Structure formats: structure tokens, C-alpha cells
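Structure first, then comments.
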Ligand code: HAM
């Protein structure tokens with residue numbers, strides 16, 4: 001063997017790397033103990049099996065329901081220009097003011113000015129940006145859904161994470177395509193009721209409000225400003241600022257001492273103009289006719305600035321403090337605010353983490369266990385067992401494959417532990433005769449089955 005020599009650059013690197021690795025592995029346990037363990041970032045979490053089976057079960061059901069309502073999937077990037085969120089969600093909202101993960105992103109060139117980017121805290125803004133960028137209005141009404149992670153720097157607790165998942169949908173398009181119709185609002189709400197029912201989630205409450213259009217909002221904001229003027233000095237600093245800059249956001253305040261003041265403020269329901277009132281009446285009428293129950297809540301204004309008219313939340317008692325399982329509403333001026341054409345829209349986002357928490361279904365209940373455990377018996381049998389497993393998997397049979405180093409007892413124990421229905425023994429004898437021992441692990445019954453009939457026997 002030729003050892004590396006001075007000037008032999010490539011080999012020198014190899015030798016150095018080898019020396020480093022050797023010294024790492026040679027560390028005694030005391031040194032290793034000093035090595036700090038790296039954990040998931042606070043507010044983020046790993047989703048592990050079997051729980052992931054529950055997530056997949058939810059997502060498969062959701063995709064089915066979206067399909068039945070003729071929605072199609074959209075995938076947008078998980079980071080966007082910061083301005084997209086400040087212009088849509090609103091500067092004064094908790095999300096933009098306190099919770100976004102924002103960074104200055106500089107390119108590789110020295111001359112690069114850099115740009116402010118943000119991990120998406122929600123996805124309506126991204127979808128509307130994509131709608132404008134790809135001129136989706138040419139297609140009439142767009143009915144889009146998404147499933148994916150969002151990021152908010154909130155205080156973590158049960159049901160509230162810094163990386164969480166939303167299942168959302170947006171219906172957006174030119175008014176001529178029917179995007180402004182109360183029928184769209186009612187259809188979205190009926191879809192959500194269907195979806196929750198399909199998942200077996202029963203004790204939900206739909207809270208419904210109309211927060212009016214830009215005209216109503218101007219009058220309402222003025223009334224709020226007036227009402228807040230004498231009381232704002234007794235409120236928290238955030239509310240003192242909101243009272244001047246964006247009085248509607250006072251309703252996002254969580255400070256207990258401010259609640260008595262907030263309770264006495266004017267209500268948006270008194271400020272709706274005739275078209276908004278009628279729009280809301282029609283939404284309610286359709287909901288009644290399709291049998292979707294709701295509760296009116298004229299304090300529900302939602303924590304994002306883009307909303308107009310219909311606003312809603314579904315709450316669920318079992319979720320504790322974070323009881324909003326989903327929220328949404330109309331955003332008729334959002335496209336224009338982002339530089340696009342008029343494109344009324346309505347949508348929602350379900351907190352998938354909370355949806356999974358509210359499920360009565362257990363992960364074990366939806367987990368697909370192996371149909372068969374193929375046990376190679378004896379040295380040299382791995383390759384034949386692999387061929388057998390490949391044949392069975394082609395028949396949509398879930399196969400777990402053992403190892404030739406296992407004794408029969410260990411294979412059978414492993415198969416039982418995995419919850420497999422059958423164990424299939426692949427020894428030299430079986431391969432030469434073409435007849436295999438198929439053991440039903442629940443009953444203990446064992447049958448001799450020819451190779452060509454194995455799939456049918458397992459599926460039967
Ligand atoms: P949102 O109310 O901010 O609305 O969020 C929707 C849902 O996401 C909440 O009801 C909750 O279930 C879940 N969620 C929010 N923050 C967290 C968190 N930190 N941890 C776990 N779950 C959370 C929106 O995001 C709007 N984009 C919805 C929408 C779509 N409006 C119109 N179209």
C-alpha cells in the first residue's frame with residue numbers, strides 16, 4: 001500500500017480526514033458525555049409513526065372532499081418577500097408586528113443589496129400573489145387548496161406551535177365568474193361542515209360574522225376611534241397605539257384588564273351598509289337551507305387586516321385554550337392591495353395540528369399493518385426472499401422482509417410484534433418444491449400454499 005506523501009494533495013486530505021475521524025471515535029465516554037445533544041427548535045416538533053398515519057388519514061380524507069367540490073391543489077413557496085405579508089396581513093397585526101421569521105437575504109455578489117424575506121406565517125397572501133403573477137383570472141373562478149407548514153413566533157403551548165400545518169382553500173376570480181356571490185361563502189362553510197363530519201369531529205361550533213366592506217369599515221373605524229379616545233390611556237400600550245393607527249385591531253387584545261373596555265365598544269353589525277347586510281342575509285339563508293348550524297358573533301373580526309364581509313371561525317371544545325380549529329373569511333380587496341385586478345375571494349385555513357388533536361380516531365386505528373412477514377430461513381436465503389417479497393408487493397400486499405440471520409422463533413416474534421397477519425417462511429425446501437408455509441399469526445393455523453396462489457391466500 002502506498003502511503004500519502006508530502007505534496008500529494010488529494011491523498012493528504014484523505015489521511016488528515018482519517019486521522020480526525022479516528023480521534024473522534026477514540027474519544028472516551030467522558031468526552032462524549034460533554035457533547036451537547038441537539039434538540040428540535042422550541043415550538044417545532046417531529047411527527048413520528050404511528051402518529052403520521054393519522055396525519056396521512058386526515059390529508060387523504062381532505063383531498064377527497066376537495067375533489068368532490070372541484071378544488072385543485074396549489075403549492076407556493078414557504079418563503080416570500082416580507083412586503084407581501086405586511087401589505088396583506090397588515091403592519092399592525094400581531095402576526096406581522098411580532099411573529100414573523102424575517103431575515104435579510106443577501107446574494108453572493110458584493111454588490112447585492114439584499115432583500116427582506118419571510119417564512120410564510122399564512123398562505124392566503126402567497127396564493128393571491130400567485131393568482132396575480134400567473135394571471136389566473138383567465139381561467140374564470142379559481143378554486144385552490146393547499147396543505148403545508150406555516151411559521152409564527154408565538155409562545156408555544158398545546159395546539160400552538162412555531163411551525164404548524166394548515167390545510168387551506170381559496171376561491172378567487174373576477175366578479176363575473178361569481179366570486180362575489182354569497183353562494184361561494186355558503187359553499188365554503190358547507191364544505192367545512194362536511195369535512196369535519198367526515199372526519200368524525202362532532203362538537204364543533206361555527207361562529208359567523210360580517211365585518212362589512214371598505215365603506216362600512218371607514219365609518220366603523222371612525223366610531224371606534226371616537227369611543228377609544230377617552231378610554232385608550234387606561235389600556236395597554238399596544239391598544240393605545242392601535243386606537244390611533246388601526247382601531248379594529250384593539251379586538252385582538254388579550255390583556256384581561258382591557259376586556260371590560262373592549263366589551264363596551266361599538267359593534268360592526270350596526271355599521272353594515274345595505275349591500276353588505278343583504279350579502280350576509282343570503283349567506284345565512286343558504287346555510288339554513290343546507291342545514292349547517294351557526295352562531296352569530298359580532299365581536300369576531302379575525303386577526304388579519306385583509307378581511308371583508310363574511311368572517312368565521314370553527315371552534316372545538318376539546319382543544320382547550322387554543323380552541324379555534326380553523327378560521328377564514330372574504331378578502332374582496334386583497335388582490336388590488338397586492339397590485340392585481342379586482343378579484344373578490346373567500347377562503348379558510350384549518351390548523352392541521354389542532355384537527356389531529358380533535359380526532360377521536362387513534363393512530364393505531366388507521367395504521368396499515370403488514371399483511372405478511374416474509375421470513376428467509378437459513379444462510380443464503382435473503383435473495384430468494386427478496387424476490388418473493390417483490391412478487392407479493394406487486395399485488396398491493398404490504399410486505400415486511402426479515403433477514404436470513406434470524407432463527408424461525410425470532411422471525412415469528414418480530415412478525416407478531418409488527419402486527420402482521422401472516423408469516424411466510426422462505427427456506428431452501430420451500431423454494432425447491434415451490435410450496436410455502438403460510439402461518440396465520442392470529443389463529444396459529446399453518447397452510448401449505450403453492451407460490452402462484454400465495455397472493456390470493458394472503459388477500460383472501
Ligand atoms: P388564521 O386564523 O391566522 O387564518 O389561522 C387559521 C388556523 O391556523 C387557526 O384557526 C389555527 O387552527 C391554526 N393556527 C394558527 N396559528 C397556529 C399556531 N401557532 N399553531 C397551531 N395552529 C395555528 C389564516 O391563516 C388565514 N390565512 C385563513 C384564511 C384563508 N382566510 C382566508 N383564506
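The figures follow:
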item	result
Breaking point among (1) in contact with a strand residue (DSSP E or B) (Cβ under 7 Å, 6 or more places away or on another chain); (2) free of Cβ contacts under 8 Å to residues at least 40 places away in the same chain; (3) more than 14 Å from the ligand (Cβ to nearest atom), for residue 365	(1)
Tally, over region 242-254, of residues that are assigned to a helix (DSSP H, G or I) and either touching a residue at least 60 places away in the same chain (Cβ under 8 Å) or within 18 Å of residue 296 (Cβ to Cβ) (or both)	5
Failed condition for residue 221, given (1) in a helix (DSSP H, G or I); (2) in contact with a strand residue (DSSP E or B) (Cβ under 7 Å, 6 or more places away or on another chain)	(2)
Out of 270, 257, sole residue that is under 21 Å from residue 94 (Cα atoms) and part of a helix (DSSP H, G or I)	257
Condition met for residue 303 (away from the ligand (no atom under 16 Å from the Cβ) and in a loop (DSSP other than H, G, I, E, B))	no
Condition met for residue 88 (within 14 Å of the ligand (Cβ to nearest atom) and in contact with a helix residue (DSSP H, G or I) (Cβ under 8 Å, 6 or more places away or on another chain))	yes
Checklist (1) within 15 Å of residue 173 (Cβ to Cβ); (2) more than 16 Å from the ligand (Cβ to nearest atom); (3) touching a residue at least 12 places away in the same chain (Cβ under 8 Å) applied to residue 81, failing item	(1)
Selection from region 145-168 of residues that are over 12 Å from the mean Cα position of the chain (by Cα) and more than 7 Å from the ligand (Cβ to nearest atom)	153, 155, 156, 157, 158
Residues of region 336-362 classified as modelled with pLDDT of 95 or more and either assigned to a loop (DSSP other than H, G, I, E, B) or away from the ligand (no atom under 13 Å from the Cβ) (or both), total	9
Per-region count, region 50-83, residues in contact with a strand residue (DSSP E or B) (Cβ under 9 Å, 6 or more places away or on another chain), closer than 20 Å to residue 165 by Cβ and surrounded by 14 or more Cβ atoms within 10 Å (Cβ to Cβ)	12
Filter pass, residue 69 being in contact (Cβ under 8 Å) with a residue 40 or more places away in the chain and out of contact with any helix residue (DSSP H, G or I) (no Cβ under 7 Å at 6 or more places or on another chain)	no
Filter pass, residue 197 being away from the ligand (no atom under 12 Å from the Cβ) and without any contact (Cβ under 8 Å) to a residue 40 or more places away in the chain	yes
Region 271-299 residues that are on the phi > 0 side of the Ramachandran plot and without any contact (Cβ under 8 Å) to a residue 60 or more places away in the chain, paired with ones that are surrounded by 15 or more Cβ atoms within 10 Å (Cβ to Cβ) and in a helix (DSSP H, G or I) (beta carbon under 9 Å, 6 or more apart)	291/190; 291/193
Selection within region 389-421 - in a loop (DSSP other than H, G, I, E, B) and within 37 Å of the chain's Cα centre (by Cα)	394, 395, 396, 397, 398, 402, 419, 420, 421
In region 387-402, residue surrounded by the most Cβ atoms within 10 Å (Cβ to Cβ) [restricted to those that are out of contact with any strand residue (DSSP E or B) (no Cβ under 7 Å at 6 or more places or on another chain) and either within 16 Å of residue 436 (Cβ to Cβ) or at pLDDT below 95 (or both)]	391
Hits in region 308-326 - residues which are buried (at least 24 other Cβ atoms within 10 Å of the Cβ) and either under 15 Å from the mean Cα position of the chain (by Cα) or assigned to a helix (DSSP H, G or I) (or both)	325, 326
Qualifying residue in region 126-142 (condition: in a helix (DSSP H, G or I), in contact with a helix residue (DSSP H, G or I) (Cβ under 6 Å, 6 or more places away or on another chain), at pLDDT 95 or above and within 12 Å of the ligand (Cβ to nearest atom))	yes
Considering residues of region 218-240 that are over 16 Å from residue 259 (Cα atoms) and in contact (Cβ under 8 Å) with a residue 40 or more places away in the chain only, the residue nearest to the chain's Cα centre (by Cα)	220
Top-ranked residue in region 106-122 [being closer than 11 Å to residue 84 by Cβ and in contact (Cβ under 8 Å) with a residue 40 or more places away in the chain; ranked as nearest to the ligand (Cβ to nearest atom)]	122
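Matching residues to (1) closer than 30 Å to residue 45 by Cβ; (2) part of a helix (DSSP H, G or I):
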site	(1), (2)
164	yes, no
171	no, no
180	no, no
185	no, yes
191	yes, yes
195	yes, yes
201	yes, no
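The values are calculated or read from the model by the stated rules, or taken from the named source; none is laboratory data. Here the structure is a predicted model, which means the values were calculated and not measured. Don't worry about glycine lacking a Cβ; one is built from the backbone with ideal geometry, like all the others, and counts go over all protein chains shown.
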